[in-house]
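Working notes, beginning with the structure itself.
The values are calculated or read from the model by the stated rules, or taken from the named source; none is laboratory data. A quick note: this is a predicted structure, and the numbers were derived from the prediction, not measured. All Cβ positions, glycine included, derive from the backbone under ideal geometry; neighbour counts span all protein chains shown. For accessibility, only protein heavy atoms count, side chains too; no ligands or nucleic acids. Shrake-Rupley method; radii C 1.70, N 1.55, O 1.52, S 1.80 Å.
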Amino acid sequence: MTDIVAAAIAQVSGRHHARGNAMARWHGVQRYNNVAIALHWIIAALLLTQIYVGWTFEDMPRGPSQGMWFTWHKTLGMLILLLSVARLAWRFMNPPPPLPAELPQWERTVARINHTLFYVVMIGLPLTGWAAISTVRAAATSSATTMLGGIPLPFIPGLPLSSHDAFEFGHGALIKLTYALIILHVGAALQHQFVDKRATAGRMPPFGTGRR
């Protein structure tokens, strides 16, 4: 009886494995795992929201309303920082799927540079922003600023107030780099999905190659 059950399980498992291989061949590309997919889209949504928040409060007159938007800005920034560090750690522990063999070498190089720079801005933007608010005059008489829910964000200790302008400049430069990277990344994804219809688009759901 045990042998019959074992044989049945093995047969079902073999069929499931075969279907899995067929599905992989049908898509023509290995995809990111679920954790990487979730982190990708959550951070993307937060980053776009952060850009909107930044545009909004920057042009507002000083007052309670601007202060509330700035609180959102600080909170989103710290959330992006934490999730980006988690995503980077996950990437080291779970390497991403290889790029399709059909992708030209120059596109492989651009893709690697683009991904590397995205990590630079996802981590560098919150850090430079944190450093900038840690070097305002209020930091000389207080130990923390406030995020949503009254959560304290400690100022980075040991930073001279004279470095504020440098951190502000770095933050602004990274914002401009972010715009360029988003345009490049979205443009490449749309090209692979709808123009070239290459397997590259299928690495990150919900995009797919559209091949049969």
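Take the residues of the range 120-161 that are of a type in the set (S, T, N, Q) and more than 28 Å from the chain's Cα centre (by Cα): which is surrounded by the most Cβ atoms within 10 Å (Cβ to Cβ)?
Ser142
Does the range 58-66 contain at least one residue that is modelled with pLDDT of 90 or more, of a type in the set (S, T, N, Q) and farther than 30 Å from Ala189 by Cα?
Yes, because at least one residue in the range 58-66 is modelled with pLDDT of 90 or more, of a type in the set (S, T, N, Q) and farther than 30 Å from Ala189 by Cα.
Quick check on my filter: what residues within the range 148-198 are of a type in the set (A, V, I, L, M, F, W, C) and touching an Asp or Glu at 6+ places or on another chain (Cβ under 9 Å)?
Hit for the range 148-198 is Ala188, nothing else.
Asn114 is checked against (1) under 19 Å from Thr75 (Cα atoms); (2) of a type in the set (S, T, N, Q); (3) in contact with a helix residue (DSSP H, G or I) (Cβ under 7 Å, 6 or more places away or on another chain) and fails just one. What number does that condition carry?
Single failed check for Asn114: (1).
One residue is enough: does the range 103-111 have a residue meeting the conditions modelled with pLDDT of 90 or more, part of a helix (DSSP H, G or I) and of a type in the set (D, E, K, R)?
No: the range 103-111 contains no residue that is modelled with pLDDT of 90 or more, part of a helix (DSSP H, G or I) and of a type in the set (D, E, K, R).
Under 6 Å between Cβ atoms, which residue pairs at least 6 apart in sequence (or on different chains) link something in the range 177-206 that is within 18 Å of Arg112 (Cβ to Cβ) and among the small types (Gly, Ala, Ser) with a partner that is at pLDDT 75 or above and not in a helix (DSSP H, G or I)?
Close Cβ pairs (under 6 Å, with a partner that is at pLDDT 75 or above and not in a helix (DSSP H, G or I)) amount to Ala199/Pro100.
For the range 150-177, enumerate the residues that are touching a helix residue (DSSP H, G or I) at 6+ places or on another chain (Cβ under 8 Å), of a type outside the set (Val, Ile, Thr) and in a helix (DSSP H, G or I). Working first, answer last.
First pass over the range 150-177, keeping only residues touching a helix residue (DSSP H, G or I) at 6+ places or on another chain (Cβ under 8 Å): 151, 153, 155-156, 159, 161, 163-164, 167-168, 170-171, 174-175, 177.
Now drop any that are not of a type outside the set (Val, Ile, Thr), which leaves 153, 155, 159, 161, 163-164, 167-168, 170-171, 174, 177.
Listed by number, the residues that qualify are Leu161, Ser163, His164, Phe167, Glu168, Gly170, His171, Leu174, Leu177.
Which one of these is more than 20 Å from the chain's Cα centre (by Cα) and either over 30 Å from Ala38 (Cα atoms) or modelled with pLDDT under 95 (or both): Phe194, Phe207? Outline the logic, then answer.
Working: Phe207 fails: more than 20 Å from the chain's Cα centre (by Cα).
None of the other options fit; the residue is Phe194.
Read through the list (1) over 26 Å from Ala180 (Cβ atoms); (2) touching a Gly at 6+ places or on another chain (Cβ under 9 Å), then give the number of the only condition that Phe57 fails.
Unmet condition: (1).
Taking the residues in the range 162-172 that are open to solvent by less than 50 Å² (accessible area, probe 1.4 Å) and out of contact with any Gly (no Cβ under 7 Å at 6 or more places or on another chain) as candidates, determine which candidate is nearest to Ser134 (Cα to Cα).
His164
From Thr75, Thr116, Thr128, which residue is among the polar types (S, T, N, Q), assigned to a helix (DSSP H, G or I) and under 22 Å from Asn33 (Cα atoms)?
Thr116
Which residue, of Leu103, Leu47, is within 17 Å of Ile183 (Cα to Cα) and open to solvent by less than 60 Å² (accessible area, probe 1.4 Å)? Lay out the reasoning, then the answer.
Numbers: Leu103 fails: within 17 Å of Ile183 (Cα to Cα).
So the residue among Leu103, Leu47 that is within 17 Å of Ile183 (Cα to Cα) and open to solvent by less than 60 Å² (accessible area, probe 1.4 Å) is Leu47.
Only one of these is in a helix (DSSP H, G or I), among the polar types (S, T, N, Q) and open to solvent by 60 Å² or more (accessible area, probe 1.4 Å): Ser84, Ser65. Name it. Show your work before the answer.
Details: Ser84 fails: open to solvent by 60 Å² or more (accessible area, probe 1.4 Å).
Residue meeting the stated conditions: Ser65.
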